[in-house]
1. Might you report the magnitude of the Cβ-based charge dipole of the protein assembly as shown about its Cα centre, with Lys and Arg at +1 and Asp and Glu at -1, to the nearest 20 debye?
2. What's the average, rounded to a whole number, of partner chain beta-carbon atoms within 10 Å of each residue's beta-carbon in B:75-87?
3. Using only DSSP helix segments of four residues or longer, with each worth -39500 (n - 2.57), what per-residue ellipticity at 222 nm results for the protein assembly as shown after dividing by its residue count and rounding to 500?
4. When averaged across all projection directions, what area in nm² does the alpha-carbon convex hull of the stretch B:3-255 cover?
5. Where is the GNM fluctuation largest for chain B (alpha-carbon springs, 10 angstrom cutoff): B:Ser86, B:Ser234, B:Ser132?
6. Helix A:165-182: angle to the longest alpha-carbon principal axis of chain A, degrees 0 to 90, nearest 10?
7. Taking the stretch A:83-165 on its own, what percent of its Cα-Cα pair distances exceed 23 Å?
8. Give me P(r) over the protein assembly as shown, computed from all C-alpha to C-alpha distances, binned every 20 Å, as integer percentages.
Amino acid sequence: MNIEVRNLTKKFKNYLAVNNINFTLESGKTLGLLGPNGCGKTTSIGMMLGVITPSGGEVLINDQNVNSANHNDLLSKMNFASPYIELPKKLTVSQNLEVYGRLYGVKDLKNRIIEISDDLNLNNFLNKQTGELSSGQKNRVSLAKSLINKPDILFLDEPTASLDPDIGDFVREYIEIYKSKNQITILLASHNMKEVERLCDTVIMMKEGQIVDRGTCKELVNKHGRNNLEDTFLQIARNKNELA
Amino acid sequence: MNWHKIYGLSLRHVYLIKGSFPRILDLIYWPSIQVFLWGFISEFFTLSSSYYSNTVGVILTAAILYDFLFRSSISYNMMFLEEIWSRNFTNLFIAPIKISEIIAALTMTAIFRTLIGLVPAVLLAIPLFGVSIFKLGFPLIFLLIALYIFGISLGLLVTAGLLRFGPSFENIAWASLFFLAPLGCIYYPVEILPNTLQIIAKGLPLVHIFEEMRNILINQTVNNLEIFKSILISFVYFAFGVIVFYTAYYGAKIKGTLINIGE
């Protein structure tokens with residue numbers, strides 16, 4: 001499934017959070033959405049998921065407006081993981097996966113839970129309450145929830161934030177393998193530039209609600225004459241004239 | 001509507017209750033305390049009031065029915081608040097579940113929560129005070145339906161406020177039923193109210209429900225029209241609640257609160 005974002009704009013009262021952004025994410029590709037805090041990444045993802053109504057423009061998923069009448073059909077083929085939203089803490093991991101499996105209408109749910117638990121090493125704490133888990137374990141459970149329906153489009157908002165390097169690497173490697181096996185379309189918002197370089201085919205740089213640059217990681221690094229994506233990010237984020 | 005999804009969402013709340021003994025205790029504790037409190041008040045009134053002299057338990061029956069309303073509304077609000085408190089709100093609204101399915105799931109699960117509290121309280125009242133709400137007979141079912149629909153309607157209005165204004169609306173959730181209690185004529189006849197307030201009160205289903213409850217217990221007669229009116233008015237409030245909830249949902253999408261509520 002592909003995503004097309006056309007003239008997408010979101011204004012909250014007098015604050016322009018997202019200002020007329022345009023991009024296309026082709027099926028099976030991974031796009032990195034980068035930018036400093038408050039640049040409009042989460043708002044853009046919210047509009048792509050249909051939980052925020054745009055002030056202007058539209059989001060097309062396979063040529064269908066995400067806010068159209070078949071919104072739920074589209075949502076059943078998408079999913080989202082973020083460390084900033086959580087699963088019910090008092091439910092066990094297995095109960096949470098069951099609940100979300102049912103909400104997403106997953107067929108053969110029992111086997112899907114076994115499969116995803118094996119893949120993400122959840123078996124040791126499957127019957128533990130989600131609130132009792134470490135942040136690394138919670139993160140993997142959140143990822144499991146986001147893959148429970150085998151989505152065609154996956155939105156990841158800082159999937160490895162606050163993880164130790166080992167778990168972070170495990171998650172990145174898992175996403176990499178999953179992506180190659182399933183031809184999934186991924187939109188990744190991240191502040192970890194190494195992660196972006198490793199996972200993303202192309203990158204969009206946002207600042208103050210606008211797209212200020214785009215291309216492959218290599219293209220951006222070369223264009224700005226920097227050594228790596230992190231330096232490129234810093235240059236764009238700190239350059240006050242970038243939007244001009 | 002997809003019943004599998006409704007069942008899935010209901011299951012989330014059933015698991016929550018099943019896995020938490022303090023939650024079950026909390027559900028049982030307050031209705032049982034109400035029975036004790038109003039049971040003793042009821043006994044005192046039976047001895048001291050000519051109005052109640054021949055009818056043991058009118059007040060306690062009213063207290064139990066009012067608690068049923070209170071619990072159904074609070075249960076509805078609580079389930080919604082649980083999603084906010086657990087920061088699960090966004091996960092819920094990005095799942096392919098319709099608003100009508102969320103309303104249906106909350107409505108169905110609220111009865112489960114309400115009955116956990118109410119059944120022990122009803123059963124306690126029989127041996128302790130010799131009062132059984134089952135003395136209301138077959139009309140009891142319809143009175144409970146009217147109360148439940150109205151309780152859910154209030155729950156819808158409060159959850160709409162939570163959607164629109166965020167967790168700061170939480171205090172209204174707790175206070176919502178106390179606003180209406182004086183006009184509901186739960187423990188006294190509607191004639192007690194000043195004329196103007198009587199007109200307003202009759203726009204609530206509570207007056208018709210509790211007047212009819214007293215009519216059945218005191219006069220031993222059933223006024224089907226009053227029961228019908230109470231159900232009809234409750235459904236009008238329910239329809240209003242659904243409209244307000246949908247409006248709040250679309251408002252929250254514009255405001256962007258669905259993705260950061262609870263933060």
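1. Details: 45 positive and 41 negative charges, 65 e Å.
Dipole size: approximately 320 debye.
2. Working: counts 0, 0, 0, 0, 0, 0, 0, 3, 1, 0, 2, 9, 6.
Mean inter-chain Cβ contacts per residue within 10 Å come to 2.
3. On the way: 19 runs with 291 residues, N = 507.
Rounded to the nearest 500, the figure is -19000 deg cm²/dmol.
4. Details: hull surface 57.2 nm².
Reported value for the Cα convex hull: 14.3 nm².
5. Evaluated over chain B, the most mobile residue of the options is B:Ser86.
6. Here the helix axis deviates by roughly 90 degrees.
7. On the way: 452 of 3403 pairs.
The share of Cα pairs beyond 23 Å in the stretch A:83-165 comes to 13 percent.
8. P(r) over the protein assembly as shown, rounded to whole percents: 21, 45, 24, 9, 1.
Every number in this text was worked out from the coordinates using simple rules, so none of it is lab data. Worth saying up front: this structure is predicted, and the values here are computed from it rather than measured. So basically every Cβ, Gly included, is an ideal-geometry build from the backbone, and we count neighbours across all protein chains shown.
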